[in-house]
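One structure below.
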Number of protein chains: 2
Amino acid sequence: MTIRDIHLRVPDSCRPKGARDHEKSPLTESIEEYVEGIWRLEQVIPTVGTGEIAQYMGVAPPSVTTMLKRMAELGLVEHIPYQGVRCTEKGEALALELLRKHRLIERLLVDFLELPWDGVHDLACKLEHYISSDVADRIAAAMGNPQTCPHGNPVDATRDDLSVQLSALEPGDRAWVAKITDEREEFLSYLYQIGLIPGAQIEAVGRTPFGDVLTLKVEGREEPVAIGREVMTSLWVHTGRFDRAPEGVVQATADPRT
Amino acid sequence: MTIRDIHLRVPDSCRPKGARDHEKSPLTESIEEYVEGIWRLEQVIPTVGTGEIAQYMGVAPPSVTTMLKRMAELGLVEHIPYQGVRCTEKGEALALELLRKHRLIERLLVDFLELPWDGVHDLACKLEHYISSDVADRIAAAMGNPQTCPHGNPVDATRDDLSVQLSALEPGDRAWVAKITDEREEFLSYLYQIGLIPGAQIEAVGRTPFGDVLTLKVEGREEPVAIGREVMTSLWVHTGRFDRAPEGVVQATADPRT
DNA sequence: CAGCGATTTTAGCCTAACCTAAAAACTGTT
DNA sequence: AACAGTTTTTAGGTTAGGCTAAAATCGCTG
């Protein structure tokens with residue numbers, strides 16, 4: 001009789017991916033990567049479409065379409081076919097937590113393990129999918145709660161980063177005003193006059209060669225307005241190609257100066 | 001015109017698994033897990049078959065058969081259909097390096113990050129597939145070159161561990177004598193008389209209820225011999241169901257006492 | 001307002017892993 | 001030597017996530 005009863009068994013978490021009764025979380029490593037990628041793109045370009053994601057992720061556009069469908073089902077992104085994508089609150093939270101893990105891991109790799117400053121990003125891209133938030137907390141504690149990754153990016157990429165500076169818009173792009181960081185009274189007063197208040201829908205029309213003047217159409221106003229650097233850098237917008245203002249955007253109904 | 005030329009791109013290593021021109025190493029995470037599992041089984045039971053692997057890995061037997069075929073093509077294991085499996089030198093090296101990474105990671109998690117002693121194994125099972133040998137070296141250095149993992153297993157599971165103590169054999173198992181750790185002259189002399197020299201093929205026949213006496217048939221001898229604890233614990237064997245002695249096993253042709 | 005180029009989606013296919021059900025091969029017993 | 005039981009393999013099917021080629025849609029321009 002040959003030996004049968006082995007009391008050895010690999011822990012469940014180490015079993016092969018597609019195994020039988022495997023506790024299958026719908027959030028695969030791939031989906032996490034997509035969410036993080038889409039979120040990052042939103043920070044840099046005002047309009048995130050299938051093509052941009054495909055280019056960024058290094059895959060073919062049809063692969064992105066398929067993934068977007070699944071991610072939309074999971075409630076991670078809002079996707080309007082042929083129009084564009086935007087992370088939902090849930091997707092954003094996932095992306096932010098992933099970024100936190102990523103940046104803390106980089107701290108550990110560079111400061112404690114003394115791995116090369118310019119070589120840790122790729123490894124962190126892998127590891128970020130496997131550590132829990134608790135482990136990330138432990139890393140933070142062990143490294144003295146660092147505020148940034150070794151490359152200077154903030155560990156806590158808070159919700160604010162969802163909006164982009166107005167200067168990121170290109171002619172043709174549409175967006176909703178999110179927040180204004182310059183709170184001088186006369187400045188706010190001027191913005192209110194031209195209708196640039198939180199929740200206002202705008203569309204970039206034209207731009208001067210040096211980019212120092214941007215022409216905007218503002219919802220409900222006939223005449224476009226020309227704005228300069230000062231406004232462009234103090235006014236942050238939510239972007240997307242949607243026909244309605246995204247959830248979570250303040251619909252300004254009263255004087256913003258209150 | 002909408003924005004096209006993004007100069008952002010995810011690093012190649014972060015791209016989705018099956019992507020286009022992805023540098024595809026044939027050694028998938030799954031295959032690494034299988035090799036490690038098979039190697040571990042070899043340490044504990046003398047005969048590793050499809051069923052044992054399936055049970056250990058938590059998958060169905062046909063899945064194992066398929067994987068064994070691929071692993072055999074990669075030169076990681078020798079597989080004789082219906083007979084059994086054994087790691088090759090290459091497979092063994094892979095398993096040993098994987099174990100080293102695993103145990104060093106556990107040290108980092110427990111000693112530096114202060115994660116719970118009984119909870120780090122599963123996480124280490126994941127991470128071991130993603131760190132390079134260089135990173136493992138850096139962990140070893142940062143942790144002061146530990147000799148064992150927190151659970152006492154050696155970081156360097158050297159080649160010696162390939163063999164098992166004779167006492168691991170069950171009636172019906174066959175094996176080849178690998179090495180003898182008790183080198184007293186009279187002991188070796190006795191073993192030589194009964195034919196238990198490196199390379200000798202043996203078969204376990206019977207065992208007393210308390211396991212303190214094992215009856216063996218030795219290749220080329222008619223009469224079985226009864227051996228006790230002293231021999232069982234000093235004599236290490238290579239196991240498997242093969243019809244020939246595995247490569248790397250010394251074929252003793254002369255008096256081993258020289 | 002029709003047509004044309006660019007972008008996105010659909011349709012159909014591939015690979016790595018897994019699975020179940022059925023066939024094949026070994027092994028021990030009469 | 002045949003047969004019955006166990007183990008292993010083969011056969012055929014599923015899912016995740018890629019791919020290419022073709023169809024659909026969008027947006028711009030004559």
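The values are calculated or read from the model by the stated rules, or taken from the named source; none is laboratory data. Source: prediction; values computed, not measured. Note that each Cβ is placed from the backbone with ideal geometry, even for glycine, and that neighbours are counted across all protein chains shown. Surface accessibility is based on the protein's heavy atoms, side chains included, excluding ligands, DNA and RNA. Shrake-Rupley method; radii C 1.70, N 1.55, O 1.52, S 1.80 Å.
Restricting B:ALA19, B:ALA93, B:ALA72, B:ALA124 to those that are within 16 Å of DNA strand D (Cβ to nearest atom) and part of a helix (DSSP H, G or I) reduces the list to B:ALA72.
B:LYS90 falls short on exactly one of the conditions (1) without any contact (Cβ under 8 Å) to a residue 24 or more places away in the chain; (2) within 13 Å of chain A (Cβ to nearest Cβ), and that condition is (2).
Applying the criterion of being in contact (Cβ under 8 Å) with a residue 40 or more places away in the chain and part of a helix (DSSP H, G or I) to the residues of segment B:42-65, the residue that is farthest from the chain's Cα centre (by Cα) is B:VAL44.
If you go through segment A:4-44 and pick out every residue that is modelled with pLDDT of 80 or more and not hydrophobic (A, V, I, L, M, F, W, C), you end up with 10.
Can you name the residue in segment A:53-84 that is more than 14 Å from every other protein chain (Cβ to nearest Cβ) and more than 8 Å from DNA strand C (Cβ to nearest atom) and, of all such residues, is most open to solvent (accessible area, probe 1.4 Å)? If we take residues in segment A:53-84 being more than 14 Å from every other protein chain (Cβ to nearest Cβ) and more than 8 Å from DNA strand C (Cβ to nearest atom), then A:GLU73 is most open to solvent (accessible area, probe 1.4 Å). The set of residues from segment B:163-221 being more than 18 Å from B:VAL44 (Cα to Cα), exposed (fewer than 14 other Cβ atoms within 10 Å of the Cβ) and small (Gly, Ala, Ser) comprises B:SER189, B:GLY206, B:GLY220.
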